[in-house]
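To start, the structure itself, in structure tokens.
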Amino acid sequence: LVVRDTAADAEKAVVAVEELAGSGVAALVGEYHSVVARAVAARADVLGLPYLCSSAVLDALTEQPTEWVARLCPPQSRGWRVYADFLVEAGHQRIAVATVPSVYWAAGTRILQEYFASRGGTVVELDVSSLDPAAMCDELVGHRATALLLLVGVPKPAVSIVTAVRRDRRLADVLIGAPAGQPEFAEWAALLGEDGAGIPFLRYLPERLTPLGTRVETALRERLGGSPSFVAFEGYDAMTVLADVLRSHGTDRKRIADAWPHVAVDGTRGRIQFSRTPGIDVWQWTWPPTQVIDRDPADLRSFRILHTG
């Protein structure tokens, strides 16, 4: 197993892919950042190198259909629509998003805008680069938003925004949400304490793990000294799938790529199989389990399941 750290940098990722391909690796697996994964997928497609993406959700992982790339996590359009369903069921129709320029955040904003427009709701964008937290609070009041979604990084500027909203009495009834999953990080709870509780986010886990998942959770908990995130299960499932393909089809790159539609593997979160999905140009697991959860205000180490999709 040869490991390279992309450092969340698309250019570094492309260099790593070319280096690994040149060294003769059979396949690539991994990546957490959507924009970086897109660069990896594009280069892997050109080089004819099988790539199993574990955690990056951007719908357009490649610009054109490819046989070389498969993905475990759901595309952003599916996960974020599940999140939007949760907001609507909770009575929210006037949504604000605090965002910064990014292909990923822009795609998420567009998904939300289309969803709420079709249901008579509104989504207003608040540009973090031009609004400080106090000004953002004023904008929330002015727009009469009932929910603010954090489409920004952690710790900056997310922590300062959450703190400002929590301290503003005018916004006592405003829901803060973070669909991309920032509140799952231990850093989130450490920096925000009680202010970080009750902020719904997406997690790709079932209500009950498979027997394999239960064993993996125990092992990871012992190794990590705490609860593993859903990303850990995505990573384990990715390795499980790739190992099964290598055992069954060997290390020839073309045979590995040809095997994606024939995968049938019991992972930590369910039976994993890939298929072609309208609008998605890679082999896709349809679908990983999806939850909307938050940290329990009564116990920051615990999570509450609010919605499943």
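The values are calculated or read from the model by the stated rules, or taken from the named source; none is laboratory data. Bear in mind that the values here come from a model prediction, so they are computed numbers and not experimental data. In this analysis, Cβ positions are derived from the backbone assuming ideal geometry, glycine residues included, and neighbour counts consider all displayed protein chains. Ligands, DNA and RNA are excluded from the accessible area calculation, which covers all protein heavy atoms including side chains. Shrake-Rupley method; radii C 1.70, N 1.55, O 1.52, S 1.80 Å.
What does the accessible area of Ile111 come to, in Å² to the nearest 10, when a probe of 1.4 Å is used?
Ignoring ligands and nucleic acids, Ile111 comes out at about 20 Å².
At 1.4 Å probe size, what's the solvent-accessible area of Val292? Round to the nearest 10 Å².
The accessible area comes out at roughly 0 Å².
Could you report the chain's accessible area per residue, 1.4 Å probe, as an integer in Å²?
46
Under a Cβ-Cβ cut-off of 13 Å, what is the net charge of the residues other than Val128 that fall near it, where Lys and Arg count +1 and Asp and Glu count -1?
My count for the surroundings of Val128 gives -3.
Longest segment of the chain with no GluC sites (Glu not before Pro) in a DSSP loop having at most 15 other Cβ atoms within 10 Å?
Result for the longest clean stretch: 68-206.
Please give me the summed charge of the neighbours of Val17: other residues whose Cβ is under 14 Å from its Cβ, Lys and Arg +1, Asp and Glu -1.
Residues close to Val17 contribute a combined charge of -2.
Around Gln113, under 13 Å between beta carbons, what's the net of Lys plus Arg minus Asp minus Glu among the other residues?
+2
If I stretch the segment between Glu11 and Thr214 completely, what's the gain in nm (0.36 nm per residue apart, minus their alpha carbon distance), one decimal?
69.4 nm
How large is the charge dipole for the chain, taken about the Cα centre, if only the Cβ atoms of Lys, Arg (+1) and Asp, Glu (-1) carry charge, to the nearest 20 debye?
Once rounded to the nearest 20, the dipole reads 500 debye.
Pairing the Cα long axis of helix 103-117 with the longest principal axis of the chain, what angle in degrees results, from 0 to 90 and rounded to the nearest 10?
60
Which value, in Å³ per residue, describes the convex hull spanned by the Cα atoms of segment 125-174?
Cα-based convex hull of segment 125-174, divided per residue, equals 68 Å³.
Suppose we look only past 34 Å in the calculated P(r) of the chain. What percent of the Cα-Cα pairs does that tail hold?
Roughly 24 percent, rounded to a whole number.
Of all accessible surface on segment 100-149 at a 1.4 Å probe, what whole percent is carbon and sulfur?
53
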